[in-house]
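The next block holds one structure in the form of structure tokens; read it before the comments.
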């Protein structure tokens with residue numbers, strides 16, 4: 001790191017605060033990752049508006065629930081991606097999925113059929129989220145390969161700071177564009193900036209070893225992991241309950257924002273600015289917490305904070321009353337983004353990241369499909385929104401409790417690690 005005549009530069013001091021001293025190669029990787037994240041920030045800011053766009057386009061509660069399901073539902077089919085990667089290579093399959101998946105969002109500029117608008121948009125979003133999910137093993141393997149374990153949490157957090165800082169800037173602008181120019185101008189930008197981010201990230205992807213090029217060994221099966229690693233059933237149980245608690249109430253948010261509070265895109269952009277601010281703060285300090293407490297204990301804290309995402313919706317009668325929810329949502333977004341990736345890598349060890357990622361993603365996808373569906377069924381059954389939010393809070397609290405058992409269990413030695 002270079003310093004000026006009067007001492008370290010502001011950028012150098014920031015890097016030292018976030019990650020400490022890094023090897024030259026690790027620092028180069030971090031800067032590439034940071035550049036890709038900066039471009040991806042535009043994509044991240046826009047995606048946050050999609051449920052509101054669907055609601056204002058006439059989507060039903062069931063259609064909103066379907067959208068939330070497909071955002072992680074593709075993870076259930078991750079086995080297809082893993083098989084394709086073993087046959088044609090992790091790098092090749094991941095690049096194709098990223099480019100095609102993000103590129104399909106360019107078609108949103110052509111969604112003019114008023115009668116089938118919501119259906120057409122949901123078809124496009126389904127392809128996007130399916131292919132985006134299929135890149136998870138390669139991304140996790142890349143993070144495990146390029147960053148040393150002792151500094152991984154802080155480096156991941158530093159990259160997220162760059163992502164969120166620019167998301168913070170673009171979110172209010174995205175709301176203004178939606179109010180004045182419409183989604184057909186905004187949504188295609190997800191494809192443009194998403195592909196740009198992929199191209200920047202590609203040099204890091206090239207560093208990971210292909211599974212077929214490694215030493216010959218049979219892959220560790222999901223059943224073998226669950227039977228041998230006693231931490232995993234508790235960890236996955238916590239992830240399942242947390243996901244159900246979060247996603248059961250997710251379809252209700254746009255309904256309250258539009259029908260009860262009548263919030264404009266601009267107002268939602270301002271609330272998104274609040275969320276991104278605390279997302280940024282969470283990333284600033286989350287890496288140090290991860291490296292100090294570990295992934296499982298950090299996730300417990302995140303799960304407890306998540307309770308405050310849903311509770312304000314019970315009593316909110318004006319937009320400003322949702323501020324506590326968006327503050328908590330920012331912290332939870334930072335925490336889950338960092339801690340889940342960190343925890344999976346930590347639990348897996350050096351040899352089994354793809355297998356652990358696959359198992360984690362499968363449970364993640366299953367609860368992603370089940371949660372919104374249960375939420376829409378509870379609404380159709382006539383349950384008050386307040387009761388559904390209360391149920392979500394209880395499930396989230398239970399998830400934090402289960403992780404206590406995961407943290408107490410001992411790590412095994414799997415055949416692939418022997």
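Throughout, read-outs are computed from the coordinates displayed, never taken from laboratory work. Predicted model, so just to flag it, every value in this text is computed and none were measured. Here Cβ is always computed from backbone atoms with ideal geometry, including for glycine, and neighbour counts include all displayed protein chains.
Sorting 256, 195, 239, 404 from the fewest to the most surrounding beta carbons within 10 angstrom yields 404, 256, 195, 239. Extending 7 Å from the Cα toward the beta-carbon at both residue 394 and residue 226 defines two label points whose distance is 2.6 nm.
Normalised by the number of residues in the range 199-328, the mean separation of alpha-carbon contacts (under 8 Å, six or more apart) gives a relative contact order of 26 percent.
The length gained on full extension between residue 202 and residue 169, counted as 0.36 nm times the residue separation minus their Cα-Cα distance, comes to 9.3 nm. Going by neighbour counts of Cβ atoms within 10 Å, the residues 394, 97 line up, fewest first, as 394, 97.
In the chain, Cα pairs under 8 Å separated by at least six residues give a relative contact order of 27 percent.
Once you sort the root eigenvalues of the Cα gyration tensor of the range 121-280 as a ≥ b ≥ c, which label holds: rounded (a/c under 1.5), prolate (a/b larger than b/c) or oblate (the other case)? Prolate, because a/c is 1.5 or more and a/b exceeds b/c. Rounded, prolate or oblate, given the Cα gyration tensor of the range 228-314, with a/c below 1.5 counting as rounded? Since a/c reaches 1.5 but b/c is at least a/b, the shape of the range 228-314 is classed as oblate. Shown is the FRET efficiency for residue 181 and residue 56, computed with R0 = 25 Å from the Cβ-Cβ distance and rounded to the nearest 0.05: 0.95. The angle between the Cα long axis of helix 152-180 and the main principal axis of the chain comes to about 20°, on a 0 to 90 degree scale.
The simple spin-label model puts a point 7 Å past each Cα toward its Cβ; for residue 80 and residue 259 those points are separated by 3.3 nm.
Counting only alpha carbon atoms, the long axis of helix 90-103 and the longest principal axis of the chain meet at about 20°. Once you have a ≥ b ≥ c as the square roots of the Cα gyration tensor eigenvalues for the chain, tell me rounded if a/c is under 1.5, and otherwise prolate or oblate according to whether a/b is larger than b/c. It comes out rounded by the Cα gyration axes.
As I understand it, the value is the acute angle between the Cα axis of helix 323-348 and the longest principal axis of the Cα atoms of the chain; what does it come to in degrees, rounded to 10? Taking Cα atoms only, the helix is inclined about 30 degrees. Modelled spin-label separation between residue 119 and residue 409, with each label point placed 7 Å from Cα along the Cα-to-Cβ direction: 4.5 nm. Exposure proxy for 192, 363, 164: other Cβ atoms within 10 Å of each Cβ, ordered fewest to most, give 192, 363, 164. The sum of -39500 (n - 2.57) across all DSSP H runs of n ≥ 4, divided by the residue count of the chain, sets its helix-only mean residue ellipticity at 222 nm to -25000 deg cm²/dmol.
Length gained on full extension, residue 266 to residue 23: 83.1 nm, using 0.36 nm per residue less the C-alpha separation.
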